[in-house]
Structures are given as C-alpha cells and as structure tokens.
Amino acid sequence: MRKFGLIGYPLSHSFSKKFFTEKFIAEEIKNAAYELYPIEHIDLFSALVSDDPELCGMNVTIPYKVKVLPFLDEMDEASTQIGAVNCISIEWAENGKRYLKGYNTDAYGFEESLKPMLGEAHRRALVFGDGGAAKAIKYVLGKLGIDFLVVTRKPSETSILYSEVDEAMLSEYSVLINTTPLGMSPSYDTQPEIPYQFLTEQHVAYDLVYNPEETLFLKEVRLHGGKTKNGLEMLYLQAIRSWEIWNK
C-alpha cells in the first residue's frame with residue numbers, strides 16, 4: 001500500500017483527503033490511500049515518517065509549513081526562496097535512510113490560476129495580509145514581474161496600512177489579492193477595509209478563501225465590473241502538482 005497524507009493541527013476538515021480519495025476511486029488507482037495526521041507538535045513528525053515504511057508523500061498545512069523545514073534533506077528552488085513547504089516527497093536513499101524533499105505547490109497552483117486573469121494593465125498588486133499564506137503569493141508576483149505592496153492592519157517596515165489605500169493608489173494597483181481569513185466561514189461579514197467605491201472594470205481580485213465561494217471582497221469587486229476568482233482552483237492545481245511530484 002502506498003500511503004499519502006496531510007500533517008497539520010488541528011485538522012477538522014480536509015480538501016486534500018476528499019480530493020485524493022475521490023481521485024483514487026475515479027481513476028481506479030489501486031493500493032493507494034490518503035490519511036490525515038493531526039500531530040499536536042512538529043517534533044512528532046520524525047516518528048510519524050520513520051514508523052510507517054509505506055508513506056510516500058505528505059502535504060503540509062498550518063501551522064507546520066515553516067516548522068517542518070529542519071526535518072527535510074532537500075528543498076526545491078521555489079520552497080527555498082519562499083521559506084515554506086506544503087508538499088514533501090518521501091523516498092528511500094541508498095544508505096537505507098528516508099530522504100525527504102520539500103516543495104511549494106501552493107506557488108504553482110496560485111501562478112497557474114492567476115495568469116489567465118492578467119492583461120497588460122495588470123503590473124501592480126496589493127497583497128492583503130502578510131502571514132504564512134502570503135509567502136507563496138509574493139514569490140509568484142516577483143516571478144511574474146508584478147510590483148506589489150503588502151497591506152496590513154498593524155504598522156510594519158515592509159507593509160502599508162489599510163488606511164493608506166486610497167483612490168490614487170487603486171488607480172495604479174489593479175491586482176488585489178486577499179491572503180487573510182477575512183470573509184471566510186463563519187465570518188461572512190468581514191472583508192479587507194479598502195475604499196471599494198474607487199474600483200473599476202480594470203481591477204482583478206483573487207481571494208485565497210474558497211468558503212464561501214464568493215466573499216464580500218469578491219462581491220464588491222464584481223459589482224464594480226472587475227474580474228474575480230476564489231482559491232478553489234489553486235487548491236486543485238496544487239494537489240495535482242503534489243501527485244505529479246510523488247509519482248516522478
């Protein structure tokens with residue numbers, strides 16, 4: 001049996017388990033299973049990997065995308081630059097030990113999902129939030145040559161405040177990306193606090209939140225004529241990329 005799984009804590013629900021379980025059934029992939037591993041502390045990771053010789057790959061979610069790095073033998077270029085991983089391949093090395101390589105398929109998923117939305121006018125972006133979810137987003141924007149400003153609630157040397165986002169800024173920054181939990185179930189009535197009245201059909205908005213399908217943030221942009229997308233496609237793409245990595 002080839003085993004795959006997701007580490008994080010807590011793991012009350014999982015897109016990944018549903019996705020891979022349905023994939024294995026639909027494609028008649030035999031002798032493969034995807035499980036949840038809600039480990040309370042990252043120090044339990046070593047035992048988890050060493051105790052199960054059938055483990056071939058792991059996905060990583062909050063709060064371990066950075067904490068798992070010291071346990072890896074190697075990281076790909078994207079995860080090294082981002083400083084976080086969400087996918088690990090597990091193989092046996094020639095010396096008989098496990099060899100763990102980290103990847104960031106979030107970056108791949110976001111890039112492939114965002115690119116179809118972009119046109120010549122979309123060369124500057126505002127990134128709402130600067131937590132762990134923003135790491136891959138900033139990497140991709142840099143890779144695509146899109147200048148960006150990070151917008152946060154608290155003062156920082158590397159960000160601006162929401163109160164600084166005005167009409168002039170929105171006329172220049174036409175790509176809006178929400179990396180915060182604002183608008184996520186059950187807090188449906190929250191959104192990034194920006195002056196939505198200055199949005200136009202030139203704006204594109206991307207929300208990493210996918211539950212609900214349309215957050216207040218996306219709804220406001222859509223009502224002003226802009227293009228919108230939630231984070232569900234990114235999730236599918238990063239999962240597909242993980243499967244490709246595990247089957248190289």
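The values are calculated or read from the model by the stated rules, or taken from the named source; none is laboratory data. If you're wondering where the values come from, they're calculated on a predicted model, not measured in any experiment. FYI the Cβ positions are ideal-geometry reconstructions off the backbone, even for glycines, and counts take in every protein chain you see.
For region 78-100, what are the residues that are loosely packed, with under 10 Cβ neighbours inside 10 Å and either within 21 Å of SER16 (Cα to Cα) or of a type in the set (Asp, Glu) (or both)? Correct list: GLU94 only.
Each residue in region 123-138 was checked for being in contact with a Ser or Thr (Cβ under 8 Å, 6 or more places away or on another chain), assigned to a helix (DSSP H, G or I) and farther than 23 Å from LEU199 by Cα, and 1 pass.
Scanning region 214-237 for residues that are closer than 17 Å to PRO116 by Cβ, hydrophobic (A, V, I, L, M, F, W, C) and either surrounded by fewer than 16 Cβ atoms within 10 Å (Cβ to Cβ) or within 21 Å of the chain's Cα centre (by Cα) (or both) yields LEU218, LEU232, MET234, LEU235, LEU237. The residues on offer are LEU141, LEU176, LEU100, and the sole one that is modelled with pLDDT of 95 or more and assigned to a helix (DSSP H, G or I) is LEU141.
Of all the numbered requirements in (1) touching a strand residue (DSSP E or B) at 6+ places or on another chain (Cβ under 7 Å); (2) in contact (Cβ under 8 Å) with a residue 60 or more places away in the chain; (3) farther than 20 Å from VAL221 by Cβ, LYS138 misses one, and that requirement is (2). Restricting attention to region 36-70 and to residues that are of a type in the set (Ser, Thr, Tyr) and in contact (Cβ under 8 Å) with a residue 40 or more places away in the chain, the residue that is surrounded by the most Cβ atoms within 10 Å (Cβ to Cβ) turns out to be TYR64.
For the residues THR61, THR105, the requirement of being modelled with pLDDT under 95, of a type in the set (Ser, Thr, Tyr) and within 28 Å of THR152 (Cα to Cα) singles out THR61. Taken over region 75-92, the criterion of being over 18 Å from ALA136 (Cα atoms) and under 22 Å from the mean Cα position of the chain (by Cα) is satisfied by SER89, ILE90.
Residue-level check: of (1) closer than 19 Å to LEU237 by Cα; (2) modelled with pLDDT of 95 or more, MET75 misses just (1).
The single condition among (1) in contact with a helix residue (DSSP H, G or I) (Cβ under 8 Å, 6 or more places away or on another chain); (2) among the small types (Gly, Ala, Ser); (3) touching a residue at least 40 places away in the same chain (Cβ under 8 Å) that SER174 does not satisfy is (1). Count of region 196-213 residues, restricted to those that are surrounded by 15 or more Cβ atoms within 10 Å (Cβ to Cβ) and acidic (Asp, Glu), is 1. Checked against the criteria, GLY131 counts as modelled with pLDDT under 95 and not acidic (Asp, Glu).
All conditions in (1) more than 22 Å from the chain's Cα centre (by Cα); (2) crowded, with 19+ Cβ neighbours inside 10 Å hold for GLU120, with the sole exception of (2). Residues of region 179-228 being in a strand (DSSP E or B) and of a type in the set (Lys, Arg), which ones? Listed by number, the list holds a single entry, LYS227. Checking each residue of region 146-168 against the condition of being in a helix (DSSP H, G or I), touching a residue at least 24 places away in the same chain (Cβ under 8 Å) and crowded, with 20+ Cβ neighbours inside 10 Å gives no match. A residue that is among the basic types (Lys, Arg), surrounded by 17 or more Cβ atoms within 10 Å (Cβ to Cβ) and either assigned to a strand (DSSP E or B) or without any contact (Cβ under 8 Å) to a residue 40 or more places away in the chain (or both) occurs somewhere in region 16-35.
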